[in-house]
Amino acid sequence: MKVLVIGGGAREHALCRSLSQDPAVTELHCAPGNAGIARVAALHPVDQLDGAAVTALARELGADLVVVGPEAPLVAGVADPLRAAGIPVFGPSAEAAQLEGSKAFAKDVMAGAGVPTARSYVCTTEQEAAEALDAFGAPYVVKDDGLAAGKGVVVTEDRAVALEHAKGCDRVVIEEYLDGPEVSLFAITDGTTVLPLVPAQDFKRALDGDQGPNTGGMGAYTPLPWAPEGLVEEVLATVLQPTVDELRRRGTPFSGLLYAGLALTSRGTRVIEFNARFGDPETQVVLARLRTPLAGVLLAAANGTLAELEPLRWDEDAAVTVVLASEGYPANPRTGDPIEGLDEAEADGTAFVLHAGTTSGAAGEVLTAGGRVLSVTATGADLAEARAKAYAGLAKISFKGAQHRTDIAAKAAQ
């Protein structure tokens, strides 16, 4: 099987790493990729948002499967011309990807499917936003209706800060605050059958102790020793399957990766948000535990044959990933600095490094090229061991202004 992965972050590196270990994959390509992905896949320049260009590249390579990683190409409709050309593609159509592209659309789908979520208002004026903030009270939750690379949500006790964020968006969803721990649950679906993966938890805030601004995610771990028994089965029955069924009923079937961000509240499980693709950095830890070869699962989703697959096989091990970010992230990340210690971090085989924002310099050196630069990932018999290995690997890597959280999975590992 020849596989083409679209994207260039740590999520795509994790996907490419798993696909490169699949005996069925004879050729692996990535566009545009990054310096780390170049070690396992052939890289190609492409405009990720240009469906015609992506389709032309897939044809030129003779791709048997195209995997679209990031949300922006999916919302832009890159999967649609690929499907029209008869090329199997893992990723929803532009219409179905509105589940992530528009918070208001997602709320409407959840209402139609009877999915439990926070009460909310959709606001387009400052007055509407002010009234919604007062209706719910603090803590205030304000979400940009559109895509914002994981940084469009403000949760604050300060009404002025909440209103200012709302004023900066064309349309916002303001909703009640959901208490309780958060869980990320991915599911692979062909539009009918839904195959949940193992739950994970990520860390959105930039600083230790869940302080600082929201980011795209600073680390993640799986499994969740504190999660209630039967959580996956409950979410499949009350959230994932009803959502997939509702989208099919509307004539916009969802095929690809459905990601439910959940809050385990005092009143039961509630959906915080949906994403239409693998989450980053949770993908790094979830795929680290997956033993079923990945390519066949993604192809079955693309071809509508998921129901024929055997149950997924998982390692009993735990997995932890810690994000190494650049100076100034998330507001104003510094780039262009050389990265030292990458080979040393992987030398003893206990951790592996997934590249997010990296590029190759003129002399072949690896340079920082984004806010989140690397995800250092490790597995172990339990979370404490996986965590120790990940941080030991991370300690060997350096670049100017590098920052990371020191408390990823710390509470869960106790």
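The values are calculated or read from the model by the stated rules, or taken from the named source; none is laboratory data. For clarity, every value in this text was computed on a predicted model and none was experimentally measured. Positions of Cβ are generated from backbone atoms using ideal geometry, with glycine treated the same way; all protein chains shown enter the neighbour counts. Calculation scope for accessible area: heavy atoms of the full protein, side chains included, ligands and nucleic acids excluded. Shrake-Rupley method; radii C 1.70, N 1.55, O 1.52, S 1.80 Å.
The set of residues in region 92-106 that are assigned to a loop (DSSP other than H, G, I, E, B), open to solvent by less than 30 Å² (accessible area, probe 1.4 Å) and either within 22 Å of Val153 (Cα to Cα) or not aliphatic (A, V, I, L, M) (or both) comprises Pro92, Ser93, Ala96, Ala97, Ser102. Residues considered: Pro338, Pro333. Of these, the only one that is under 18 Å from Gly219 (Cα atoms) and either at pLDDT 95 or above or of a type in the set (Phe, Trp, Tyr) (or both) is Pro333. Being under 29 Å from Ala227 (Cα atoms), at pLDDT 95 or above and assigned to a loop (DSSP other than H, G, I, E, B) holds for only one residue in Val115, Val183, Val109, and it is Val115.
Yes or no, residue by residue, for (1) basic (Lys, Arg); (2) without any contact (Cβ under 8 Å) to a residue 24 or more places away in the chain; (3) in contact with a strand residue (DSSP E or B) (Cβ under 8 Å, 6 or more places away or on another chain); (4) within 18 Å of Ile188 (Cβ to Cβ):
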position	(1), (2), (3), (4)
Ala14	no, no, yes, yes
Ser18	no, no, yes, yes
Asp22	no, no, no, yes
Cys30	no, no, yes, no
Ile37	no, no, yes, no
Asp47	no, yes, no, no
Gly62	no, no, yes, no
Lys103	yes, no, yes, no
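The residue that is nearest to Val67 (Cα to Cα), counting only those in region 192-210 that are surrounded by fewer than 21 Cβ atoms within 10 Å (Cβ to Cβ) and either charged (D, E, K, R) or modelled with pLDDT under 95 (or both), is Lys204. A residue that is out of contact with any Cys (no Cβ under 6 Å at 6 or more places or on another chain), modelled with pLDDT of 95 or more and part of a loop (DSSP other than H, G, I, E, B) occurs somewhere in region 254-269. Screening region 49-73 for residues that are β-branched (Val, Ile, Thr) and buried (at least 23 other Cβ atoms within 10 Å of the Cβ) and picking the one that is nearest to Gly8 (Cα to Cα) gives Val68. I'd like to know if region 186-207 contains one or more residues that are in contact (Cβ under 8 Å) with a residue 12 or more places away in the chain and assigned to a helix (DSSP H, G or I). No, region 186-207 contains no residue that is in contact (Cβ under 8 Å) with a residue 12 or more places away in the chain and assigned to a helix (DSSP H, G or I). Scanning region 235-280 for residues that are farther than 27 Å from Gly357 by Cβ, of a type in the set (D, E, K, R) and open to solvent by 30 Å² or more (accessible area, probe 1.4 Å) yields Asp245, Arg248, Arg249, Arg250, Arg267, Arg270. Among the residues of region 25-47, write down those that are open to solvent by 50 Å² or more (accessible area, probe 1.4 Å), closer than 21 Å to Arg59 by Cβ and outside any strand (DSSP E or B). Those that are open to solvent by 50 Å² or more (accessible area, probe 1.4 Å), closer than 21 Å to Arg59 by Cβ and outside any strand (DSSP E or B): Thr26, Pro45, Asp47. Each residue in region 48-91 was checked for being in contact with a Pro (Cβ under 6 Å, 6 or more places away or on another chain), in a loop (DSSP other than H, G, I, E, B) and of a type in the set (A, V, I, L, M, F, W, C), and 1 pass.
Of all residues in region 134-191, those satisfying the criterion of being small (Gly, Ala, Ser), open to solvent by 30 Å² or more (accessible area, probe 1.4 Å), more than 25 Å from Thr238 (Cα to Cα) and more than 16 Å from the chain's Cα centre (by Cα) are Ala135, Ala138, Ala160, Gly168.
Would you check if Ser120 is within 30 Å of Ala52 (Cα to Cα), of a type in the set (S, T, N, Q) and either at pLDDT below 95 or open to solvent by 10 Å² or more (accessible area, probe 1.4 Å) (or both)? In short, no.
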